[in-house]
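Engineer: One structure follows; several queries about it will come next.
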Amino acid sequence: AAGSGVDHLAVQAAQAAGIVVTHAVGAGALSVAEHAVALMLALAKRLVEMDAQVRQGGFQEWRRPDLYEEISGRTLAVVGFGAIGRELARIAHRGFMMDVIAVTRDGRPVESPDVARTLPLAAALAEADVVSIHTPLTEGTRGLIGAAQFATMKRGAWLVDTSRGGVVDGTALHAALVSGHLGGAGLDVYDPEPAPVTHPLLALPQGVLSPHNAGISQGAYRRLALMGADDILRTLRGEKPVGFIGSDELWAASRAARG
């Protein structure tokens, strides 16, 4: 799989058929983390709106300090702390001196110089100025961020989602933006996807949108190619691939089935 997410693949059916399934965990982590920061900066500096206005002749009306914010020193909640979450925490803390809160799947504290504390989701949402989503889409995470969670967030906070559209309830997100409770959203993923032109989120000026391309970069694809080739060679040698999906028992059974 070209990346860490495998929700688009019939993994269990493949495994049942004796197919080894691996994923390139971390190949696109830096690219996605940088993209998340870019969405934050675009929201803070209102880059999309300014670009459009300057091209139409607008200028002086955008030279107002009340329109813009800074992300440095703000509190960032990173929901999902895998390779991407760790990379984002590093950039946010070391580059922008952000106060990083980690939200982990099992609640286990994160030991990292880039993380100030680990909190449950509700507590993290209540403290954060920016919430960035980096969790896979599973039955347990579908709709993880909905109306109740948006109500918990600070008024004027921002949401950034570069994970999967189904993790966030789009209807609730639209309502939170229209009401003004949320200050803005940076979205790289949607539900459904691609988002139809009639999707209500596409009409809101408080959104900065990209076409699910956060993990696409020259560096990410070089790493993906190397990781994929290495896992193929490991499999052919009878060694467990680094990105193998499944238990040790499943790997042993798969290897035995292939002789």
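Engineer: Give the distance, in whole Å, between the Cα centre of region 117-168 and the Cα centre of region 205-259.
Structural biologist: 27
Engineer: Shifting gears a bit: By how many nm would the segment from Arg108 to Arg64 lengthen if fully extended, with 0.36 nm per residue of separation less the alpha-carbon distance?
Structural biologist: Additional length available on full extension: 11.5 nm.
Engineer: Once both axes come from the Cα atoms, what is the angle between helix 170-179 and the longest principal axis of the chain, in degrees from 0 to 90, rounded to 10?
Structural biologist: 20
Engineer: Which of these values of mean projected area of the Cα convex hull in nm² was calculated from the structure shown: (i) 23.0; (ii) 15.5; (iii) 14.8?
Structural biologist: Of the labelled values, this structure produces (ii).
Engineer: Right, something else. Grab the Cα-Cα distance for Ala253 and Leu204, subtract it from 0.36 nm times how many residues apart they are, and report the gain in nm with one decimal.
Structural biologist: 12.5 nm
Engineer: Taking K and R as +1 and D and E as -1, what net charge do the other residues with C-beta under 15 Å from the C-beta of Ala229 add up to?
Structural biologist: Net charge around Ala229: +1.
Engineer: A further question follows. Tell me which of Gly146, Gln218, Thr135 sits at the most positive position along the dipole axis of the chain, charges placed on C-beta atoms (Lys, Arg +1; Asp, Glu -1).
Structural biologist: It is Gln218, whose Cα lies furthest towards the positive end.
Engineer: Taking the DSSP beta bridges in the chain as the whole, what percent of them are antiparallel, to the nearest 5?
Structural biologist: Close to 5 percent.
Engineer: Compute the accessible area per residue over region 131-259, keeping the other protein chains in place, probe 1.4 Å, unit Å².
Structural biologist: Accessible area per residue, region 131-259: 51 Å².
Engineer: Something else now. What are the principal axis extents of the Cα atoms in region 147-190, in Å, biggest first?
Structural biologist: Dimensions of region 147-190 along the principal axes of its Cα atoms: 24, 16, 16 Å.
Engineer: Compare Ser163, Ser179, Ser31 in a GNM of the chain, Cα atoms joined below 10 Å, and give the one with the largest fluctuation.
Structural biologist: Ser179
The values are calculated or read from the model by the stated rules, or taken from the named source; none is laboratory data. These numbers come from a predicted model, not from an experiment. Note that each Cβ is placed from the backbone with ideal geometry, even for glycine, and that neighbours are counted across all protein chains shown. Ligands, DNA and RNA are stripped out before the accessible areas are found, and what is left, the full protein with its side chains, is counted by its heavy atoms. Shrake-Rupley method; radii C 1.70, N 1.55, O 1.52, S 1.80 Å.
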